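Notes for the one structure printed next.
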Amino acid sequence: MAYAYAYAYAYDNASNRLTFTDTQGAKTAYVHDALNRTTSIQDANANTFGFSYDTLGHRTRLTRPNGVNTSYSYDSLSHLLSVTHQGVASTLDGVSYTYDSAGNRTSKANLLNGTTSTYAYDSLYQLTSVMQGLNSVEAYSYDVVGNRLTSQAVSSYTYNTSNELTTADAATFTYDNNGNTLTKTDSAGVTRYSWDFENRLLSVVLPDGSVVSFQYDPFGRRIQKASVTFLYDGADLVEETDATGNLTAQYSFGLSIDEPLAAYRGGSLVFYDADGVGSITSLTTPNGAASDHFTYDSFGYPAPSTGTFLQPFRFTGREFDGETGLYYYRARYYDSHTARFLSEDPDKDGVSGSLYMYVENRPITMADPLGTKGLLVGPQTNPVWVTAFNEGFVEALKRVSDPDCKALFCGKGKKAKKLDLGQVLKDTEYRLLAFEKGSTAGTQTNSATDVFLNSNGPFVKPSATIYIPFDKLGMTSKRQVTFDSLAAMRAFVLLHELGHQLKVFSPDIFPFLNGTHSLRVIENCFKDATHD
């Protein structure tokens, strides 16, 4: 039986979110300062979280209703130096870091157990060793495209010419023609994986014969695992329901993607503590006591955890499926045992090494929230970009349902192309996000992503106005276009990039002047926009 779920949102004049109303009608409220920084979040269960910042916009403090508060410190280069989770009388959890001149973390001190790990890297900044005192706890080597050749636990990994892992000591793997993992055979038996035509994992058959199945929505979000249904606020999982539609769990989220603040399940409430890459390291109770603790190796392989509270978020804040031992990284599933994704990167054009590699083998300073691109984690990583992109994606999807807008990309009449524009838009999203932090990003792409990151910059004003460089009879000028919302402005940028991907635009004489085809997008898809 299918169940209908609806969420509602309200925003201020600066497009800051004011409220989020869930399926039960309960509201999460947001308060912002004069610089549009979120200063407090009160979740649907009346728990209030506070946020403080320094003059550079770095978060310096997070307060929780149970009295466990987190402080953050930085050096002069904005490197995160420490994350300290402080209880009423003592430090409950936390980490501190040191860095080399390239920004690699060279050490991590665990404030909970007192251990210090030191890190070494190769010339590509790939992690090669982890030491604790004189003890080597992790060691890795790689081939020229980033495939792991050896580790401290596995003496040999072998690959075929497509960079598909074929053996890891006694384990063997097979693949389909699209590069998706089909089977894994090890001492436990055979694990089988099945995939749909979009290369999304549909089911896992475990060696004991049990089956774990998955379903996805049109945006590619996983909405079901076995009999559990998942509900989302943008990219983040916020509610779970059972087979009868009853609410079984709720999650409150902070400002960044993959930043859970609190979990509610079975009448119990816990609060989350995380380290410098967003990995959940501990849970605390409403009275401020530490309960569950979580530890991982550098690539996310989990050690047995303490405590019994059932919750999914673990390494880099992603969902860990205990049934399969896999992490769900949205576009793909990640096997922390081999430190590889089960399928190829959907953004093949944006990858220089192996299509299965996790965060360029730089897990100490990078995360991959979408499963498509490793991003440096730190205070300069804008926490709004995924939410902004989702809003733009939804608006763009609505716009291309209009016949005139659709005709721009597909054509008209008998010559019209039969395209799944929703799927192509998703691919465009992956491409643009992959460029966002990439060294190959040009000025055009940087300006485009600036719309999503800051809603300001050389071509954009916060009032949903964008200036389009335009070549008029050989003279450079700018045309001002005002949209009815920031979501519409973001949708415009996404549809502009879609046109490039589908090659429906004739190249401009001067590539940096995007006015000609930008105005075609506006005239066909944004008739409610105004321009001079």
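Pop the C-beta distance of D122 and D242 into the FRET formula with R0 = 41 Å and round what comes out to the nearest 0.05.
0.30
Cα-Cα over 28 Å: which of K27/K406; K373/K398; K225/K406; K348/K412; K348/K406; K503/K527?
Violating the 28 Å Cα-Cα cut-off are K27/K406; K225/K406; K348/K412.
If you add up the charges near Y328, with Lys and Arg at +1 and Asp and Glu at -1, over every other residue whose beta carbon is less than 9 angstrom from its beta carbon, what do you get?
Local charge sum for Y328: +3.
About the Cα centre, and with charges only on the beta carbon of Lys, Arg (+1) and Asp, Glu (-1), how big is the dipole of the range 192-264? Nearest 20 debye, please.
With only Lys, Arg, Asp and Glu charged at Cβ, the dipole is about 260 debye.
Assign unit charges at the C-beta atoms only (+1 for Lys and Arg, -1 for Asp and Glu), then state the dipole size of the range 1-101 relative to its Cα centre in Debye, rounded to the nearest 20.
It works out to roughly 220 debye.
Determine the principal axes of the Cα atoms in the range 8-376, then give the extent along each, sorted from largest to smallest and rounded to whole angstroms.
Principal axes ranked by extent give 55, 52, 39 Å for the Cα atoms.
In the range 54-155, how does Rg compare with the Kirkwood Rh, expressed as the Rg/Rh ratio over alpha carbon atoms?
Ratio of gyration radius to Kirkwood radius for the range 54-155: 1.07.
Sorted from largest down, what three extents in whole angstroms do the Cα atoms of the range 198-273 have along their principal axes?
35, 28, 25
Placing unit charges on C-beta atoms (Lys and Arg positive, Asp and Glu negative, everything else neutral), compute the dipole magnitude of the range 8-376 about its Cα centre in debye, rounded to 20.
Computed charge dipole of the range 8-376: roughly 440 debye.
Read-outs throughout are calculated quantities, based only on the coordinates presented, and are distinct from any laboratory measurement. Values in this document were obtained by computation on a predicted structure and should not be read as measured data. Every residue, glycine as well, gets a Cβ built from its backbone with ideal geometry; the counts of neighbours run over all protein chains shown.
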